[in-house]
1. I need the peptides 206-219, 149-162 ranked by packing, meaning the mean over residues of other C-beta atoms within 10 angstrom, with the highest value on top.
2. Hey, got the Cα dimensions of the range 336-412 along the principal axes, in Å, largest first?
3. Quick one: P(r) of the chain from all Cα-Cα pairs, 20 Å bins, percents rounded to integers, in order of increasing distance.
4. Distance from the Cα centre of the range 113-173 to that of the range 190-209, in angstrom?
5. Taking the Cβ-Cβ separation of ASP138 and ARG474 as r and a Förster radius of 51 Å, what is the calculated FRET efficiency to the nearest 0.05?
6. Can you order the peptides 265-271, 130-136, 243-249 by their average number of other Cβ atoms within 10 Å per residue, highest first?
7. Of the DSSP beta bridges with both residues in the chain, give the percent that are antiparallel, rounding to the nearest 5.
8. Counting pairs of alpha carbon atoms under 8 Å apart in space and at least six apart in sequence, what relative contact order in percent does the range 8-131 give?
Amino acid sequence: MKLYERCANEIAELIRTRMLRPGDRLPSVRAAIAARGLSRSTVFEAYCLLETRGLIEARPRSGYYVKTGLAHTKLQAPADSRSDGRARNVDIGQLVFELLGPMARHEFAPLGSAFISPSLCPLTRLARHLWTEMRDLDPWRLIEDLATGNEALRRQIGLRYATNGIAVESTEVVLTNGGLEGMNLSLQAVTQPGDVVVVESPTFYAALQSIERLHLRSLEVATSPSLGIDIDALAAVLERQRVAACWLMTSFQNPLGSSMPEDRKKALVALLAKHAIPLIEDDAYAELFFGAKRPLPAKAFDTEGLVMNCGSFSKCLAPGYRVGWVAGGRFAAKIEQMRLMYTLSPAIPAQAAIAAYLDQGGYDRHLRRMRKALAGYLAVAVETVEMYFPAGTRMAVPEGGYFLWVELPKAVDAIELHTLARERGISLSPGPLFSAARRFGNCVRLNYGHGGDPRFVPALKTVGELATQCAASRHALASARQ
């Protein structure tokens, strides 16, 4: 770790523990040089890194300040995960279906849901666009657009990349049936049965299900709740193990909520390019940032066409429309051919409606409202966890997305907690779902994207109280055995 990174991490820890509070002024560069015995360039790079991470902001003629509007917690963050470095077969699909299958029904308070609340989505406006597009649609378009997808939508997606300074031709954009199909096709395009795929630890259970379905093996790499995947650990894996692909979420990772700083994304892309390893980048939550700007994806640093950036409108616009895409780099043509063989095309009317909505210019306004609501829900969730969860609970506070990763005391069994919560009409996503090795047995992923639901806070309180009871029961049992 470089000196400026160590300095930045020390200041970030002061912000996390609220020794430095939102709105506090940081020491000037000159004062920091004197206090820390560092060079001017080191301090300046550390401050720039903190600014890139969205933790501080520079104010003209005033200095650097801790950003306001960020949720904070008094609790410690979960420790960085560890990995045994073993590639293993995956057998997680049945557990996912057993634990989460019944939980999608509306009678359950959706703390375990993978989706955002539909109440945050502009469904009425989209319905109007859907009706208009269906009324005016040239019937031949229903056939012509099957192969390539809606040209206007691909152009709009390309424009959004360009707005962020990323050169992606519309011909590189492959429209898919939701983001998950895009990632599945990307994985299938670059692997053969038996291949090894690197994932974060923990990782999204759908990635593990895809690896299982294709008869691949997963290799989990240590991951930080604040910085994302450990680049050094990944480099060590690539030196000793043949890896076919990486499936990573570099911004607002599910379930941790972690985001890789831009310098680490750049280092990640360079490392994978050195070994000619494709990256499937799940970028589904990147629009749901709480900072000043959308984080750049790893795709922004790709010069070799190895990064397949996968996006979706399901997470922030319309869950049921099932429209996603892949900016497929050198693999775009193969991904498109595979989609044609498997599902042919996403629904043409849904593509047309979303294209019309984007063209009308309301998407960014909608996203601003959604981000503001989510930031408020996160603050409520953090405060509730602090108040009602058992002593020893750890929590990572994300800077975007809508998932909160909570590490409970070792005495709490997350699957047992899931069962108790289900009996009280509450869904949870227990930690073992997010690891092929069934790690994270005392962790849960909580969805705060339903924070406007009147059941949200009472459900969160109940989960905390149940976790406290589980911990107390386990301690009492251990004492009785002594």
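All of the numbers you see were taken from the coordinates with simple rules; none came from a lab. Computed from a predicted structure; not experimentally measured. Glycine gets a Cβ as well: all are built from the backbone with ideal geometry, and neighbour counts include every protein chain shown.
1. Per-residue Cβ counts within 10 Å, averaged per peptide and sorted highest first, yield 206-219, 149-162.
2. Sorted from largest, the Cα extents of the range 336-412 read 52, 34, 16 Å.
3. Each 20 Å bin holds this share of Cα pairs: 23, 57, 19, 1.
4. 29
5. 0.20
6. Listed from highest to lowest mean packing, they are 243-249, 265-271, 130-136.
7. Antiparallel bridges: around 65 percent, rounded to the nearest 5.
8. It rounds to 23 percent for the range 8-131.
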